[in-house]
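Data first, discussion second: the structure below is written as C-alpha cells.
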Amino acid sequence: MEVFLIRLLQFILAISLLVLLHEGGHMFFAKLFGVRVEKFYIFFDLGIGKWTGKLFSFKPKNSDTEYGVGWLPLGGYCKISGMIDESMDTEQMKQPAQPWEFRVKPAWQRLLIMIGGVTVNFIFALFLYCMIMFTWGETYVQVKDMKQGMKFNKEAKSYGFKDRDILVGTENGAFKDFNADLFREISTAKRVDIIRDGKPMSINLPGEINLLGMLKSSPMFCRPLLNADVDSVLENGPAYKIGIRKGDRMLALNGKAVDSANDFMTELSKLEDAMTGAETHKDSLKIRTAVISWKSKADGKVHTAKTVLSDDLKLQVVFPNFLDIYKPVHIQYSLLESIPAGVTYGWNVLKGYVSDMKYVASKDGAKSLGGFGSIGSLFPAEFDWYLFWKMTALLSIILAFMNILPIPALDGGHVLFLLYEMITGRKPSEKFLIWAEYIGIGALVLLMVVANLNDILRWLGYM
C-alpha cells in the first residue's frame with residue numbers, strides 16, 4: 001500500500017505540473033493577443049447533479065479568468081472565449097463575435113495559441129533533460145565493454161547471432177547503452193557488427209524486425225549474459241545443504257544444461273509456471289525437488305545432488321550483479337555542456353517514441369497500451385529526484401506529441417483546421433467543428449477505456 005501511495009503521489013505531482021504548463025502555454029499566447037481566458041483549470045470540473053465538480057476555484061479582482069482545480073484527473077483545460085473546445089459551449093458561438101474572442105483573431109495568432117501548450121511541454125522536457133545532465137550527468141555501461149557478451153533468444157539466433165557475441169554497432173554507428181534504443185537500432189539495421197570468439201565480424205539483417213516482438217518476447221531478443229558463477233550462498237538454504245559454495249559454477253538444473261545465470265533463472269521460471277498446476281502438497285513437493293549439477297571451485301570436480309527448493313522456488317544462491325562485473329562510464333557535464341547533451345537526449349527520446357507509434361495499430365500494440373496504472377508504475381517505489389524528473393521529462397514529451405496529433409478535440413486537430421483555413425482562405429463551418437469535436441472526444445474516451453481496461457486485465461492476470 002505504501003509503494004502504491006508513493007507512486008500515486010509522484011504521478012499526480014508530475015501530471016499536475018505538466019498540465020499546468022501545457023494550459024499555461026495556451027493562456028500565455030491568448031493573453032498576448034488580447035483573447036479572453038474565461039477558465040483555467042487543472043483537471044476537469046465535470047459536474048454531477050448540483051455539484052459543480054470544483055475542488056476549489058477563485059477569480060482575482062479585475063480579472064476575466066476563473067482559476068481552479070477539478071476532481072477528474074484526465075488533464076486540464078483553458079477555456080478561451082469564442083472557441084469550440086471540450087467545454088462544448090455552443091451558446092456563446094451563437095452570439096455576435098466580440099473583439100476579445102478567439103474566432104475574430106487572425107489565423108496565425110490562433111495557430112500560436114493552439115500550439116502554445118505543446119511548445120511549452122516540449123521546451124520544458126528539453127530543459128529538464130539539460131538540468132538532469134548538469135546535476136547528475138550520465139552513467140551507463142558501454143555495450144562494447146560487456147565482455148561476457150549477450151544471451152540471445154531463438155528469433156535472434158535464427159538471424160545468425162550466437163550466445164556470447166559482443167554487440168558493437170550497426171551500419172549507422174556504435175551502440176552506446178543497453179536500452180530500448182539498442183533494440184530500435186537492431187530492428188532497422190541491415191548489418192550488425194559483433195565480436196565473436198575475439199574476432200570482429202558482421203551479421204546481415206533484413207532491416208525490418210518487429211521491435212515490439214523483440215521487447216515483448218520472453219526471453220527478450222537479447223540481454224546481457226551473466227556467467228553462472230555463484231557469488232554467495234544463503235547459509236542453510238537448499239544450495240548450501242548440498243555443498244554449493246561461493247565461486248562454484250552452475251551446470252544444469254533437472255538435467256537441463258545451463259551455461260549462464262540467464263539460463264538458470266529461465267529454468268527456475270519454468271518451475272514457477274508448473275507450480276500453477278499443482279493441486280496437492282505432493283504435487284508441489286515434486287516440482288520443488290530439483291536435481292542440481294555444478295562444478296566446484298574448491299576441487300574442480302562436477303557434482304550432482306538432489307535438493308528441495310524453497311517455497312518460492314529459489315535455490316537461494318546469488319549470482320554476481322551486473323554492475324559488479326562491468327564498470328560503468330560516468331560523464332559529468334558543465335552547465336554549457338549540459339545544454340547540447342540534454343537537447344540531443346530529449347530529441348532522441350522523441351524520435352524513438354514517434355517511430356514506435358506505428359506499432360499501436362497492431363494487435364500486439366493495442367494490447368501493450370497502458371492507462372493510468374501503467375504510467376504510475378513507471379515511477380520508482382521510493383521517491384528519487386533523479387528518476388522523478390527523468391520520468392516527468394518523458395511524460396512531457398509524450399504529452400506534447402500526443403496533443404499535436406491531428407485528432408479533433410486535441411490541439412493537433414485545431415491546428416489541422418487552422419492550416420486548412422490558412423491555405424484555402426476558408427474557415428470550416430461551426431457545425432463541422434462541433435461534430436469534429438464530438439467525434440474526437442468519443443475517440444479519446446474509447447482509447448482511454450481500452451488503455452485502462454488493459455491495466456485491469458493485466459492486474460487480473462488475463463494479459
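The values are calculated or read from the model by the stated rules, or taken from the named source; none is laboratory data. Just so it is clear, the structure is predicted and the values come from calculations on it, not from any experiment. We place every Cβ from the backbone using ideal geometry, glycine too, and count neighbours over all the protein chains shown. Please note that ligands, DNA and RNA were not included when accessible areas were found on the heavy atoms of the full protein model with its side chains. Shrake-Rupley method; radii C 1.70, N 1.55, O 1.52, S 1.80 Å.
Just a few scattered comments:
- Annotation: of all residues in segment 316-331 being within 25 Å of the chain's Cα centre (by Cα) and in a loop (DSSP other than H, G, I, E, B), the one that is modelled with the highest pLDDT is P328.
- G247 being closer than 30 Å to D299 by Cβ and not basic (K, R): yes
- Restricting attention to segment 176-193, the residues that are more than 19 Å from P206 (Cβ to Cβ) and not in a strand (DSSP E or B) add up to 5.
- Any pair with Cβ under 8 angstrom, 6 or more apart, that starts in segment 419-440 at a residue that is touching a residue at least 12 places away in the same chain (Cβ under 8 Å) and ends at one that is of a type in the set (K, R): E421/K427
- Qualifying positions in segment 220-241 - open to solvent by less than 60 Å² (accessible area, probe 1.4 Å) and either assigned to a helix (DSSP H, G or I) or small (G, A, S) (or both): A228, S232, G237, P238, A239
- All positions within segment 262-315 that are of a type in the set (K, R) and in a helix (DSSP H, G or I): K270, K282, K286, R288
- Every residue from segment 188-219 that is open to solvent by 60 Å² or more (accessible area, probe 1.4 Å) and touching a helix residue (DSSP H, G or I) at 6+ places or on another chain (Cβ under 8 Å): E208, N210, L215, K216
- In segment 127-150, the condition of being open to solvent by 20 Å² or more (accessible area, probe 1.4 Å), out of contact with any Leu (no Cβ under 8 Å at 6 or more places or on another chain) and farther than 29 Å from M391 by Cα is met by at least one residue.
- Flag for F183 being farther than 22 Å from Q332 by Cα and open to solvent by 50 Å² or more (accessible area, probe 1.4 Å): no
- Selection of segment 90-111 for residues being within 23 Å of W435 (Cβ to Cβ), among the hydrophobic types (A, V, I, L, M, F, W, C) and either open to solvent by less than 30 Å² (accessible area, probe 1.4 Å) or at pLDDT 80 or above (or both) yields M93, F102, V104, A107, L111.
Here is a yes/no grid of residues against (1) closer than 20 Å to F58 by Cα; (2) modelled with pLDDT under 95; (3) open to solvent by 20 Å² or more (accessible area, probe 1.4 Å); (4) more than 23 Å from the chain's Cα centre (by Cα):
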| residue | (1), (2), (3), (4) |
| --- | --- |
| V3 | no, yes, yes, no |
| V19 | yes, yes, no, no |
| V37 | yes, yes, no, yes |
| F40 | yes, yes, no, yes |
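- Residue count for segment 67-89, restricted to those that are modelled with pLDDT under 80, at negative phi and either in a helix (DSSP H, G or I) or among the small types (G, A, S) (or both): 1
- Yes/no for S57 being open to solvent by less than 80 Å² (accessible area, probe 1.4 Å), closer than 18 Å to V120 by Cα, hydroxyl-bearing (S, T, Y) and in contact with a strand residue (DSSP E or B) (Cβ under 9 Å, 6 or more places away or on another chain): no
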